[in-house]
Amino acid sequence: MTERRWSAEEERYRAPAWLDRVQRRALLLGVFAALLSVVGALLSPEHFFRAYLVGFLFWIGIPLGLFGISMLQHMTGGGWGLVARRVFEAASRTLPFLALLFLPLLWGRRSLYVWARPEVVAESELLQHKQPYLNEPFFLGRALLYFGVWLLFALLLSRWSLQQDRSNDPHLHRRMQILSSLGLVAYMLTASFASFDWLMSLDPAWFSSLFGIHFVVGHGAAAFAFLIVWMRRLSGTEPMADVVAPRHFDDYGKFLLAFVLLWAYVSFSQFLIIWSGNLPEEITWYVHRQEGGWWWLGIVVFALHFVLPFFLLLSPALRREPARLALVALPVLVGRWLDLHWQAVPSLELHAPLLHWLDIAVLVAIGGLWLAAFLWQLKRRALVPIHDPHLQEALADA
Amino acid sequence: MADGSASVTPAAPTPLIAPGHTTASVTDKIASVVLQRTPRWFYPAFGAAFLLLMLFLYAVTVLLVRGTGVWGLNVPVAWGFAIINFVWWIGIGHAGTLISAILLLLRQEWRTSINRFAEAMTLFAVACAGLFPILHLGRPWLMYWLFPYPNTMSLWPQFRSPLVWDVFAVSTYALVSLMFWYVGLIPDLATLRDRSRHWFARTFYGVMAMGWRGSSAHWHNYEKAYILLAGLATPLVISVHSVVSFDFAVGVIPGWHATIFPPYFVAGAIFAGFAMVVTLAIPLRAVFGLHDFITARHLRNMAKIMLATGLIVAYGYVMELFFAWYSGNPFEQFMVINRITGPYRTAWFALILCNVLVTQLLWFPKVRRSVIGMWIVAMFINVGMWLERFIIVVTSLHRDFLPSSWGMYSGTFWDWAVLIGSIGLFLSLMFLFIRFLPMISIFEIRTILPKRSRGEVS
């Protein structure tokens, strides 16, 4: 897209200059960590790939979650989401970039997924049964399909939203609603199957039909936590200082509370059902995660992703105070990352050290690069959808 | 409507309440349903429901005298209609709690017109639901054995069994729903006390209103209690049906042992509940002329919730099918094949038709706007959700691990009599409620009036 002239209205909501600074720093940090990761990959490819998988799943969860929330908001309305729509859209537009970041996983597929190793499959009847689904070409084809669906809906929504800014066409609002309803259905299905492919199939014998919902709910929590942190920073300066009000933060806090509760609910349900059934093909997954340090890591995840945010977010005073709310959101993000790590790594190597230096390096590398891409996209538009029919309501008594 | 609450179409928001109403006209209109003479049609309608209730009493009497053998239960299908009906009824109740508690916390003002009778529906549905497991005990008079109480028989419930959790979940649910409903009724009972002319009605409503005078202190306490009860009821929407799903999922029977069961059951419950609210709301607003309060917008919003929860249920079906294959477990695979091609295949296809295919009609605004269309879709869902529980309970049990112990199951006359009779119990209670209590919350409708007129001025 070529540079175009901004209208005076758009100009009023132009992104502040400090975003450039943050973007440069994120990019520098990302490149530096990426170089470190490359060194690590040469030294120990196995550790690199597992760290990469967890880092990738963590970072893609944020734009995917924000993309899902933006569709939900198009359908249900609400001022909380209107003032954040440009953050949703900028995050959605980073999905092509994440599709590129998926490529290293293809390179490491044999290191990560046992079902991709012919010699293992040849010896396992179960893997042969699952082969029509768990095989390399189909795995790749499905990944293409997932990204294709996400990009289609995300880019179309983002484009119509920009058209709304320029043309003030009243039909666009309705069109975005309809697209969002279809998109949400497609998103639930594709994100679920993506979780089966990328994360659950690390242990190809294990399965849980709740896994997809667990994954999507985790996205939701991470997305709201990220949103809180960013809206807090954006609301510190003009133009967003006049737009985002404490009641919006109150809503974000409630949403985060709802998602950490949902996360605890689905995590516990899955555990309870598998524990009481006690079937060898299912319980092994949890038995592995009860050993040694994994048990303690699981408790840390539970504390960061549920206990701590749950009790703190009950306070209305805290929810209306952006700085304190952001302090609650950060541990949720750490908890989300550790949760993915806890789900992924014991399937690969039980007696692995709990954390490897590469886990952090790769996380920072993908994160720095992604954040730079996100900020680059965020700057390209007015920070508020200026012609949304509900905007005046949302801005009232801000 | 400043924040949070969704206004569906921005250009021309359909009003929550038809224009032209004042505080007085709202009170007159809703209170008159209760205070005027009984309309003629009420007697045959209530009479029909009452006849079904008598059928229920007769069927239960036969059951108690002759034993559970009059039902079609046997090994291998030892959980038949009783459990199906229990899950069906308790699911129907969930819409009431969702409307009254969750939509209140989400500041969805449109709930105001439907919350009262949806809550009543919850109570009556839970009453129907609660009877079935008790009747299923065989010796229902010993039902107190389910509670952990000190006794000389060394009898203690097995706390690892979800059936015991059910006892607590359902009784808590019934209690909280009752309190919520009653607390919400108090200001309206006072209105009726002040408006009724007959000494008996005045005394009756006066006692029920517990001395409500509408002072600001009363309102202050009231608001606090109501929000607190809403907070208490909200987790119950999720927990009750999750516990019901554990009844199945913690076992290792193929088709029952699936981790997706809790959220899938909860979505199914809300789906069924909204279908029942629509089933009741459409005739009620027609016979009492309540179109001004239960507007097209209410029906449309309910249609959207039905579509959303219906899609979650369909997602559950997709996951069931996929994981039966993916698990590599031959029993799970057989269970699915047996559902689709076995002796109960007609029920399975009917279930898919009702819950998945017909529900997709709600995508079309034309269907959502059509009162008849909505009612027909809701009836399909009512039937579909009963069939779903039938499929889950029966197909998993009738052919499990050992072919030598396979068997068939069908309901006997007395099974059907209890099911149809329980609908009579539900409808009788519903008719009495409509006749004696305001089915729409008068004071809450009043609170959304001035805000609306303010909106029109600006």
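Worth a mention:
- Restricting the range B:50-67 to residues that are of a type in the set (Phe, Trp, Tyr) and within 22 Å of the chain's Cα centre (by Cα) leaves a set whose member that is surrounded by the fewest Cβ atoms within 10 Å (Cβ to Cβ) is B:50.
- Residue within the range B:349-368 that is at pLDDT below 95, more than 9 Å from every other protein chain (Cβ to nearest Cβ) and in contact with a His (Cβ under 9 Å, 6 or more places away or on another chain) present: no
- Complete set of residues in the range B:405-436 that are part of a loop (DSSP other than H, G, I, E, B) and either of a type in the set (D, E, K, R) or surrounded by fewer than 21 Cβ atoms within 10 Å (Cβ to Cβ) (or both): B:406, B:407, B:408, B:410, B:411, B:412
Here's the yes/no breakdown for (1) of a type in the set (Val, Ile, Thr); (2) farther than 23 Å from residue A:344 by Cα; (3) surrounded by fewer than 24 Cβ atoms within 10 Å (Cβ to Cβ); (4) touching a residue at least 24 places away in the same chain (Cβ under 8 Å):
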{"residue": "A:173", "(1), (2), (3), (4)": "no, yes, yes, yes"}
{"residue": "A:209", "(1), (2), (3), (4)": "no, no, no, no"}
{"residue": "A:230", "(1), (2), (3), (4)": "no, yes, yes, yes"}
{"residue": "A:238", "(1), (2), (3), (4)": "no, yes, yes, yes"}
{"residue": "A:246", "(1), (2), (3), (4)": "no, yes, yes, yes"}
{"residue": "A:257", "(1), (2), (3), (4)": "no, yes, yes, yes"}
{"residue": "A:261", "(1), (2), (3), (4)": "no, no, yes, yes"}
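- Count - residues of the range B:258-284 that are buried (at least 24 other Cβ atoms within 10 Å of the Cβ) and either more than 24 Å from residue B:168 (Cα to Cα) or not aromatic (Phe, Trp, Tyr) (or both): 17
- Given (1) within 30 Å of residue A:75 (Cβ to Cβ); (2) within 13 Å of chain A (Cβ to nearest Cβ); (3) surrounded by fewer than 18 Cβ atoms within 10 Å (Cβ to Cβ), index of the condition residue B:325 fails: (1)
- Restricted to helices (runs of 4 or more DSSP H) entirely inside the range A:282-351, those with at least 3 residues that are surrounded by 14 or more Cβ atoms within 10 Å (Cβ to Cβ) are A:292-302, A:308-313, A:322-348.
- Among the residues making up the range A:65-83, those that are under 15 Å from residue A:389 (Cα atoms) and in contact (Cβ under 8 Å) with a residue 12 or more places away in the chain are A:73, A:74, A:75, A:77, A:78, A:79, A:80, A:81, A:82, A:83.
- In the condition set (1) over 29 Å from residue B:82 (Cβ atoms); (2) surrounded by 22 or more Cβ atoms within 10 Å (Cβ to Cβ), residue B:183 is compliant with all but (2).
- Tally, over the range B:235-270, of residues that are within 7 Å of chain A (Cβ to nearest Cβ) and among the aliphatic types (A, V, I, L, M): 6
- Selection status of residue A:187, surrounded by 23 or more Cβ atoms within 10 Å (Cβ to Cβ) and at pLDDT below 95: no
- Helices (runs of 4 or more DSSP H) enclosed by the range A:41-137 - at least 1 residues per element that are within 14 Å of chain B (Cβ to nearest Cβ) and surrounded by 19 or more Cβ atoms within 10 Å (Cβ to Cβ): A:45-76, A:79-82, A:118-123, A:125-130
- Conditions (1) assigned to a helix (DSSP H, G or I); (2) modelled with pLDDT under 95; (3) more than 11 Å from every other protein chain (Cβ to nearest Cβ); number of the one not met by residue A:248: (3)
- Residues of the range A:218-243 classified as touching a His at 6+ places or on another chain (Cβ under 9 Å) and either polar (S, T, N, Q) or modelled with pLDDT under 90 (or both), total: 1
- Looking at A:180, A:161, just one residue is of a type in the set (Gly, Ala, Ser), more than 14 Å from every other protein chain (Cβ to nearest Cβ), closer than 18 Å to residue A:82 by Cα and touching a residue at least 60 places away in the same chain (Cβ under 8 Å), and that residue is A:161.
- Look at (1) in contact (Cβ under 8 Å) with a residue 12 or more places away in the chain; (2) in a helix (DSSP H, G or I); (3) within 14 Å of chain B (Cβ to nearest Cβ) and you find that residue A:387 fails only one, number (2).
- Residue match in the range B:297-314 (condition: of a type outside the set (Gly, Ala, Ser), within 18 Å of residue B:393 (Cα to Cα) and crowded, with 21+ Cβ neighbours inside 10 Å): yes
- Residues of the range A:11-29 that are in a helix (DSSP H, G or I) and within 18 Å of residue A:233 (Cβ to Cβ): A:18, A:19, A:20, A:21, A:22, A:23, A:24, A:25, A:26, A:27, A:29.
- Residue match in the range B:295-305 (condition: under 21 Å from residue A:275 (Cα atoms), assigned to a helix (DSSP H, G or I) and touching a residue at least 40 places away in the same chain (Cβ under 8 Å)): no
- Answer from B:66, B:116, B:107 - the residue that is free of Cβ contacts under 8 Å to residues at least 60 places away in the same chain and charged (D, E, K, R): B:66
- Answer from B:245, B:239 - the residue that is surrounded by 13 or more Cβ atoms within 10 Å (Cβ to Cβ), in a helix (DSSP H, G or I), out of contact with any strand residue (DSSP E or B) (no Cβ under 9 Å at 6 or more places or on another chain) and without any contact (Cβ under 8 Å) to a residue 60 or more places away in the chain: B:245
- Some residue of the range A:264-273 being of a type outside the set (Val, Ile, Thr), in a loop (DSSP other than H, G, I, E, B), within 14 Å of chain B (Cβ to nearest Cβ) and under 25 Å from residue A:206 (Cα atoms): no
- Residue in the range B:211-236 that is surrounded by the fewest Cβ atoms within 10 Å (Cβ to Cβ), counting only those that are of a type in the set (Ser, Thr, Tyr) and out of contact with any helix residue (DSSP H, G or I) (no Cβ under 8 Å at 6 or more places or on another chain): B:216
- Residues located in the range A:187-216, provided they are more than 9 Å from chain B (Cβ to nearest Cβ) and within 25 Å of residue A:89 (Cβ to Cβ): A:187, A:190, A:191, A:194, A:195, A:198, A:215, A:216
The values are calculated or read from the model by the stated rules, or taken from the named source; none is laboratory data. Worth saying up front: this structure is predicted, and the values here are computed from it rather than measured. Because the Cβ atoms are built from the backbone with ideal geometry, glycine has one as well, and the counts that use them run over all protein chains shown.
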